[in-house]
Amino acid sequence: MANERLRATESFLAEGAVIQYRAVQGGTAEDQVKAVDGATNEAFGVLQNDPPAGGEATVELMEGAGETKWEAGGTITIHQLVGLDSVGRCVVVSGANAHVYGMARTAATIGILVRVALQNRVLHA
């Protein structure tokens with residue numbers, strides 16, 4: 001029997017084009033999200049559906065609890081610490097001052113979905 005992890009999912013309006021299973025950041029207005037446009041941006045969730053611009057975006061929040069599906073931006077092995085690349089894909093954290101959003105629970109290569117156990121965002125030293 002599999003254990004079901006707690007999930008925190010909320011709905012927002014999509015500001016412009018957003019891509020399913022990639023990280024999103026806050027939009028310019030309240031209750032909006034937009035695509036991540038740089039690896040140093042602070043993402044607050046992973047988009048779980050494929051809304052049109054202005055449509056309802058379902059976001060798995062990065063609150064330190066739960067698990068999400070996230071598109072891999074490179075080769076990831078199980079138990080590696082992960083963050084995001086400049087377009088919101090999941091990548092292995094390397095180097096100082098990189099944000100860690102969770103740990104890979106499955107392995108994946110670029111373009112494949114990886115399961116990530118989310119954690120509160122921290123800086124990699």
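Of the residues in region 92-123, how many are within 12 Å of THR77 (Cβ to Cβ), in contact with an Asp or Glu (Cβ under 9 Å, 6 or more places away or on another chain) and free of Cβ contacts under 8 Å to residues at least 40 places away in the same chain?
2
May I ask you to verify whether ASP37 is at negative phi, modelled with pLDDT of 95 or more and assigned to a loop (DSSP other than H, G, I, E, B)?
no
Go through region 26-42 and report how many residues are closer than 12 Å to ASP85 by Cα and without any contact (Cβ under 8 Å) to a residue 60 or more places away in the chain.
Of the residues in that region, 7 qualify.
Which of the residues belonging to region 66-125 are modelled with pLDDT under 90 and of a type in the set (Lys, Arg)?
ARG121
From the list ALA43, ALA53, exactly one residue is outside any strand (DSSP E or B) and over 23 Å from ALA108 (Cα atoms). Which is it?
Exactly one residue qualifies, and that residue is ALA53.
Working only within region 70-80, note down all residues that are under 18 Å from ALA17 (Cβ atoms) and outside any strand (DSSP E or B).
Selection gives GLY73 alone.
If you check GLU10 against the conditions, is it touching a strand residue (DSSP E or B) at 6+ places or on another chain (Cβ under 9 Å), in a loop (DSSP other than H, G, I, E, B), acidic (Asp, Glu) and surrounded by 13 or more Cβ atoms within 10 Å (Cβ to Cβ)?
no
When GLY38 is evaluated against the numbered criteria (1) small (Gly, Ala, Ser); (2) surrounded by 14 or more Cβ atoms within 10 Å (Cβ to Cβ); (3) farther than 17 Å from ALA8 by Cα, which criterion, by number, is the only one it fails?
It is condition (2) that GLY38 fails.
Can you name every one of the strands (runs of 3 or more DSSP E) wholly within region 81-125 that holds 3 or more residues which are in contact with a Phe, Trp or Tyr (Cβ under 8 Å, 6 or more places away or on another chain) and either surrounded by fewer than 19 Cβ atoms within 10 Å (Cβ to Cβ) or not assigned by TED's automatic domain parsing to the domain that holds ALA35 (or both)?
The strands (runs of 3 or more DSSP E) meeting that bar are 81-84, 113-124.
GLY55: without any contact (Cβ under 8 Å) to a residue 40 or more places away in the chain and over 10 Å from the mean Cα position of the chain (by Cα), yes or no?
no
Output the number of the condition that MET62 fails; it satisfies all remaining conditions of (1) at pLDDT 90 or above; (2) of a type outside the set (Val, Ile, Thr); (3) buried (at least 19 other Cβ atoms within 10 Å of the Cβ).
The single condition MET62 does not satisfy is (1).
The values are calculated or read from the model by the stated rules, or taken from the named source; none is laboratory data. Just so it is clear, the structure is predicted and the values come from calculations on it, not from any experiment. FYI the Cβ positions are ideal-geometry reconstructions off the backbone, even for glycines, and counts take in every protein chain you see.
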